[in-house]
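Each value in this text was obtained by applying a stated rule to the coordinates, not by laboratory testing. It should be emphasised that the depicted structure is a prediction, and the values quoted were computed from it without experimental measurement. Every residue, glycine as well, gets a Cβ built from its backbone with ideal geometry; the counts of neighbours run over all protein chains shown.
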Amino acid sequence: MRPAVLTGEHYITGDEACAEGAMAAGCMFFGGYPITPATEVAEHMSVRLPEVGGTFIQMEDEIAAMASIIGASWAGQKSMTSTSGPGFSLMMENIGLAVCTETPCVVVNVQRAGPSTGLPTMGAQGDMMQARWGSHGHYEIIALSPSSGQEIFNQTITAFNLSEKYRVPVLLMTDEVIGHMSEKVVIPNASEIRTISRPKPKGRKDRFKLYQPAENGVAPMPSAGDGYKIHVTGLTHDERGYPVMTVEAQAEMTDRIVRKIRDNRHDIIMTDSYNLEDAEIILVSYGISARTSLAAMHMARSSGMKVGFLKLNTIWPFAEEKIAELAQRARAFITVEINYGQIHLEVMRSATGRADCHLVGHAGGTVITPEQVMAKIKEIY
Amino acid sequence: MVAKADSTPSEQVHPLDHLIRTDRIPHIWCTGCGIGTVFSSCLKAMISSGIDLEKTCMVSGIGCTGRGAGYLNLDSFHTTHGRAIPFATGLKLGNPNLNVIVFSGDGDLFAIGGNHFIHGARRNIDMTVICVNNLIYGMTGGQVAATTPVNAKTTTTQSGNPDAPFNLPLMAWASGATYVARWTMLHIRELTACIEKALTRSGFSFIEVLAPCPTNYGRRNREKSLETLRLYRDKTIIKNNADPSELDVDFQKGVILGEFVDRERPTCIENYDRTCRAF
C-alpha cells in the first residue's frame, strides 16, 4: 500500500497529477462518472483512495456524483469529483446546493470542445463562463486554472485548501491537452505540503449557529454525527440554517456567500507576472494557452517588442484590480484562450476603456500556436 | 417528558417534542394530509429502535414530504429535487457509523429521482428509505406523478391520466432492495414496527406509505379525506411475502399491504471492503 503523498519525480499525465494532488491534499472521498477526457482522474482515484482507507464510488450519473461529494463533505471528508463539459452541465444544480449550504468540495473540469457532445477527445477552454455563472442565482465561486502537470498537482492542493478555508466548491478548470499530456511532476515530502482543513466549531453545542460567520466571514463547520443537530437546506436560510422565506433573509444569506469570497479576494486571487514593468502590450491567459502566450512573449521580446504576460492562476474571482492597474500603463491587452472570448470580455470590463482589448481565440479542438499570437502582436504593435 | 394529566396546555410536552424543532412549528402540511402521521411514526420508530440518535441523520429531497428533514431535531439535510439518495450515499460512505434515513415523496424519489433509487437499491447502500406516496405532486399544486392512477385528474391531466403508475415495491425488489414493505398511514402500528425493523437491519430498506393529499388529489378526484381513509381500511389486504408483481395500487381490486422482502445481501461498504480495500 502506498502512502497518500507519493514523494518523488514522476512522469505522469495531467489527469494523474490531479489525482495525486487530491491524495496529497487529504481527499478521502471521490464520487465520479466516466467522461472523456477526465476519466483517468476517476480511474486513478479508484486505485489510490482505498490504499489510504478512502472511498471511491462510481455513481449513476454526474448529478449523483456531485450530490454524493456534498454528502461526503458533511460526513467530514474532503471530497472531490471530476468531469468534462456535458457532465459539468449536469453538476450545476448541485454545485449551487454546495454554494448555498457552504459545503467544501472540489470539482475538476478537464475541458473539451463544446457545445453539447462536441469534440470529446480534443481540448478547449469554453466552460470558463459556465464555471462563473453556471448554477442559478447570484453567488461567488472560486475557479483555478493550471497550465501543466506540475501546476495541476499544486493547484489541486490549493483547490482543496481554498475550499476548506472558505467553505465553497472550488472548480479546477484544466483542459484535455494538459489532462492527457505526460510531463515531469515533482511531488515533495509530505511535511512540505501545506494542507488546510475546515474550521471546527467550539463552545456550547446548544448555542451553535451553523452559519454564524467567524472573523474572516466563514462559519466553522461541524460534521453530521458531531452532536450539533444541524439543519442544512438549499432553501434561503438564516444563521441557524432554518428556512426563512423573506426578502431580508435572502439578502443576508446572499451577502454572506458573496462577501466571504469578495472580501478575501487578495488571499484567493493568484497571478504570475512576466515582463510587465515596461510592457506596452500585455498578454493575458491561463491553462494550456498560458504556455502558448509565454512562448509568444519570448518571441516578441527577442524581436525587440515590449510585450509582457499576465498569467491567471485564479480565474474566479477575477483579477479585475490587477487588470485595471495595468490598463493605466499598457497600451493594449491580448487575451489568449480557446473560445470566442470569455475571459477577453472580463479583461475588457476591467480595463474600462483605458487600454485596447484584443482576442486570440478559436472554437477549440487544438491549441493556439505562439505564431498566431505573434501575428496579433505584430498587427497591433 | 410526558404531560401530567392536570397540567395546563402550556406545560404539556408531547413525548416526541425532543425530536422536533418546535421553533419551526407550525409545519406546512395541510389539514387532512397524511405526511405528519408518517413522520411521527418514523420518530417513534427511531426512539423504540434504540439506535444512537446523535449518529442518525435524515435526508430529504424536495416536495411536501421533503420538508420532513427540516422538522427533525437531529442532523438533517434538505437537498435538491430527486437527489436525496445520492446525497445520503455520500453521507453514509463518508461516515459508515451514521444511521441514514431518507424521508421523501413519490415525485421526488421515483420521477426525478428514479434513477438514483434503483442504483441505491442495487448497491445495497445501508440506509432506510421512507416514501410517502400521495399519488400526486402536492407542493406545486397537484400535477400528475409517476404514481398517479390511470384516469385520475390532476392539473396537468385534466381529462384523466393517460399513463400507468409505477409499482414501487416491485421496482425496489427488482433493483435489489433487501427489505421492502408497504403500509398506509392508517396502519400506524404496523408501519412503526416496520420502520423500527428497517432502522436496525443493514442494507437498503424501502418502505412505501400511502397517504392522502385531500388538497390536491382528493379534491380533483371526488375523494374526501375520510373516504380515502375508508379505502385504506376497507380496500386493503394484508399479505406478507406477496408476489411483488401483484402490488400495483388499484383500490378497485384492493391494495396489498405488508412486508414483502426481507433478504440478506452484503452491503455496499461490505462489498467495497472485500473487493477494493483487501490488501
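Report, by residue number, each residue of the stretch A:161-219 that is outside any helix (DSSP H, G or I), crowded, with 21+ Cβ neighbours inside 10 Å and charged (D, E, K, R).
Selection gives A:ARG167, A:ASP175, A:ARG198.
Where in the stretch A:8-76 are there helices (runs of 4 or more DSSP H), lying wholly inside it, with at least 2 residues that are surrounded by 24 or more Cβ atoms within 10 Å (Cβ to Cβ) and more than 14 Å from every other protein chain (Cβ to nearest Cβ)?
In the stretch A:8-76, A:14-25 are the helices (runs of 4 or more DSSP H) which contain 2 or more residues that are surrounded by 24 or more Cβ atoms within 10 Å (Cβ to Cβ) and more than 14 Å from every other protein chain (Cβ to nearest Cβ).
From A:ILE334, A:ILE368, A:ILE315, A:ILE282, which residue is within 20 Å of the chain's Cα centre (by Cα) and closer than 26 Å to A:GLN111 by Cα? It would help to see each step written out before you state the result.
Working: A:ILE334 fails: within 20 Å of the chain's Cα centre (by Cα); A:ILE368 fails: within 20 Å of the chain's Cα centre (by Cα); A:ILE282 fails: within 20 Å of the chain's Cα centre (by Cα).
The unique qualifying residue is A:ILE315.
Determine, yes or no, whether A:SER148 is polar (S, T, N, Q) and closer than 22 Å to A:GLY341 by Cβ. Can you show your working first?
Numbers: polar (S, T, N, Q): yes; closer than 22 Å to A:GLY341 by Cβ: no.
So A:SER148 fails the test.
Here are B:ASN216, B:ASN240, B:ASN221: which of them is of a type outside the set (Val, Ile, Thr) and touching an Asp or Glu at 6+ places or on another chain (Cβ under 9 Å)? Quick ask: steps written out before the conclusion?
Details: B:ASN216 fails: touching an Asp or Glu at 6+ places or on another chain (Cβ under 9 Å); B:ASN221 fails: touching an Asp or Glu at 6+ places or on another chain (Cβ under 9 Å).
Just a single option satisfies the conditions, and that option is B:ASN240.
Taking the stretch A:286-307 as the region of interest, how many residues are on the phi > 0 side of the Ramachandran plot and either in contact with a Leu (Cβ under 7 Å, 6 or more places away or on another chain) or buried (at least 24 other Cβ atoms within 10 Å of the Cβ) (or both)? Steps first, answer last, please.
Here is the first cut: in the stretch A:286-307, the residues on the phi > 0 side of the Ramachandran plot are A:287, A:304.
Imposing the further condition that a residue be either in contact with a Leu (Cβ under 7 Å, 6 or more places away or on another chain) or buried (at least 24 other Cβ atoms within 10 Å of the Cβ) (or both) reduces the set to A:287.
Going through the stretch A:286-307 one residue at a time, the tally reaches 1.
If you scan the stretch B:54-97, which residues turn out to be surrounded by fewer than 24 Cβ atoms within 10 Å (Cβ to Cβ) and farther than 26 Å from B:ILE25 by Cβ?
B:ASN95, B:PRO96, B:ASN97
On the given criteria, is B:GLY160 in contact (Cβ under 8 Å) with a residue 60 or more places away in the chain and among the small types (Gly, Ala, Ser)?
no
Mind listing whichever residues of the stretch A:304-344 are more than 16 Å from A:ARG132 (Cα to Cα), of a type in the set (Val, Ile, Thr) and in a strand (DSSP E or B)?
Within the stretch A:304-344, A:VAL307, A:ILE334, A:THR335, A:VAL336 qualify.
Residues in the stretch A:358-372: is at least one out of contact with any Gly (no Cβ under 9 Å at 6 or more places or on another chain), surrounded by fewer than 24 Cβ atoms within 10 Å (Cβ to Cβ) and either in a strand (DSSP E or B) or on the phi > 0 side of the Ramachandran plot (or both)?
Start the filter on the stretch A:358-372 by keeping residues that are out of contact with any Gly (no Cβ under 9 Å at 6 or more places or on another chain), which leaves A:358, A:360, A:362, A:369-372.
Pick out the ones that are also surrounded by fewer than 24 Cβ atoms within 10 Å (Cβ to Cβ) and you get A:358, A:362, A:369-372.
After this cut, where a residue has to be either in a strand (DSSP E or B) or on the phi > 0 side of the Ramachandran plot (or both) as well, the list is A:358.
Within the stretch A:358-372, one or more residues are out of contact with any Gly (no Cβ under 9 Å at 6 or more places or on another chain), surrounded by fewer than 24 Cβ atoms within 10 Å (Cβ to Cβ) and either in a strand (DSSP E or B) or on the phi > 0 side of the Ramachandran plot (or both).
Any chance you could count how many residues in the stretch B:48-100 are acidic (Asp, Glu) and either within 8 Å of another protein chain (Cβ to nearest Cβ) or in contact with a helix residue (DSSP H, G or I) (Cβ under 7 Å, 6 or more places away or on another chain) (or both)? Outline the logic, then answer.
Our first condition is that a residue be acidic (Asp, Glu); within the stretch B:48-100, this holds for B:52, B:54, B:75.
Subset that is either within 8 Å of another protein chain (Cβ to nearest Cβ) or in contact with a helix residue (DSSP H, G or I) (Cβ under 7 Å, 6 or more places away or on another chain) (or both): B:54, B:75.
Here the count works out to 2.
Name the residues in the stretch A:235-248 that are among the small types (Gly, Ala, Ser) and more than 14 Å from chain B (Cβ to nearest Cβ), would you?
At the first step, the residues of the stretch A:235-248 found to be among the small types (Gly, Ala, Ser) are A:241.
Matches in the stretch A:235-248: none.
Using beta carbons and a limit of 6 Å, which pairs, at least six apart or on different chains, have the first residue in the stretch B:66-92 and on the phi > 0 side of the Ramachandran plot and the second one of a type in the set (D, E, K, R) and surrounded by 24 or more Cβ atoms within 10 Å (Cβ to Cβ)?
Every condition considered, the pairs that remain are B:GLY82/B:ASP108.
Name the single residue, out of those in the stretch B:265-279 being surrounded by 11 or more Cβ atoms within 10 Å (Cβ to Cβ) and assigned to a loop (DSSP other than H, G, I, E, B), that is farthest from the other protein chains (Cβ to nearest Cβ).
So in the stretch B:265-279, the residues surrounded by 11 or more Cβ atoms within 10 Å (Cβ to Cβ) come out as B:265-273, B:276-277.
Retained after the next criterion (residues that are assigned to a loop (DSSP other than H, G, I, E, B)): B:265-267, B:276-277.
Details: B:ARG265: 18, B:PRO266: 15, B:THR267: 13, B:CYS276: 4, B:ARG277: 5 Å.
Ranking the qualifying residues of the stretch B:265-279, first place goes to B:ARG265.
Scan the stretch B:159-181 for residues that are among the small types (Gly, Ala, Ser) and outside any loop (DSSP other than H, G, I, E, B) and jot them down. Walk me through how you get there before you give the answer.
First, the residues of the stretch B:159-181 that are among the small types (Gly, Ala, Ser): B:159-160, B:164, B:172, B:174-177, B:181.
Passing the criteria: B:ALA172, B:ALA174, B:SER175, B:ALA181.
Which residues, counting only those in the stretch A:79-97, are more than 10 Å from chain B (Cβ to nearest Cβ) and either closer than 13 Å to B:HIS81 by Cα or not in a strand (DSSP E or B) (or both)?
Scanning the stretch A:79-97 gives A:SER84, A:GLY85, A:PRO86, A:GLY87, A:PHE88, A:SER89, A:LEU90, A:MET91, A:MET92, A:ILE95.
Quick one: in the stretch A:77-94, of everything that is buried (at least 24 other Cβ atoms within 10 Å of the Cβ) and aliphatic (A, V, I, L, M), which residue is nearest to A:PRO222 (Cα to Cα)?
Among them, the one singled out is A:MET80.
Take B:ARG182 and tell me if it is touching a Gly at 6+ places or on another chain (Cβ under 9 Å) and either small (Gly, Ala, Ser) or closer than 30 Å to A:GLU51 by Cα (or both). Break it down into steps so the answer makes sense when it comes.
Details: touching a Gly at 6+ places or on another chain (Cβ under 9 Å): yes; either small (Gly, Ala, Ser) or closer than 30 Å to A:GLU51 by Cα (or both): no.
Taking the combined requirement at face value, the residue does not satisfy it.
So, in the stretch B:224-274, how many residues would count as being out of contact with any helix residue (DSSP H, G or I) (no Cβ under 9 Å at 6 or more places or on another chain) and β-branched (Val, Ile, Thr)?
Final tally of qualifying residues: 2.
Name the residue that is farthest from the other protein chains (Cβ to nearest Cβ), counting only residues in the stretch B:111-129 that are surrounded by 24 or more Cβ atoms within 10 Å (Cβ to Cβ) and over 18 Å from B:ALA198 (Cα atoms).
By that ranking, first place goes to B:GLY113.
Looking at the stretch A:212-223 only, could you name the residues that are within 14 Å of another protein chain (Cβ to nearest Cβ) and in contact with a Lys or Arg (Cβ under 8 Å, 6 or more places away or on another chain)?
If the condition is that a residue be within 14 Å of another protein chain (Cβ to nearest Cβ) and in contact with a Lys or Arg (Cβ under 8 Å, 6 or more places away or on another chain), then A:MET221, A:PRO222 are the ones that fit.
On the given criteria, is A:ASP127 among the charged types (D, E, K, R) and surrounded by 23 or more Cβ atoms within 10 Å (Cβ to Cβ)? Steps first, answer last, please.
On the way: among the charged types (D, E, K, R): yes; surrounded by 23 or more Cβ atoms within 10 Å (Cβ to Cβ): yes.
When the stated conditions are applied, A:ASP127 passes them.
I'm trying to understand the selection: among the residues of the stretch A:224-234, which are surrounded by 18 or more Cβ atoms within 10 Å (Cβ to Cβ) and facing chain B (nearest Cβ under 7 Å)?
Answer for the stretch A:224-234, where residues must be surrounded by 18 or more Cβ atoms within 10 Å (Cβ to Cβ) and facing chain B (nearest Cβ under 7 Å): A:ALA224, A:GLY225, A:LYS229, A:ILE230, A:HIS231, A:VAL232, A:THR233, A:GLY234.
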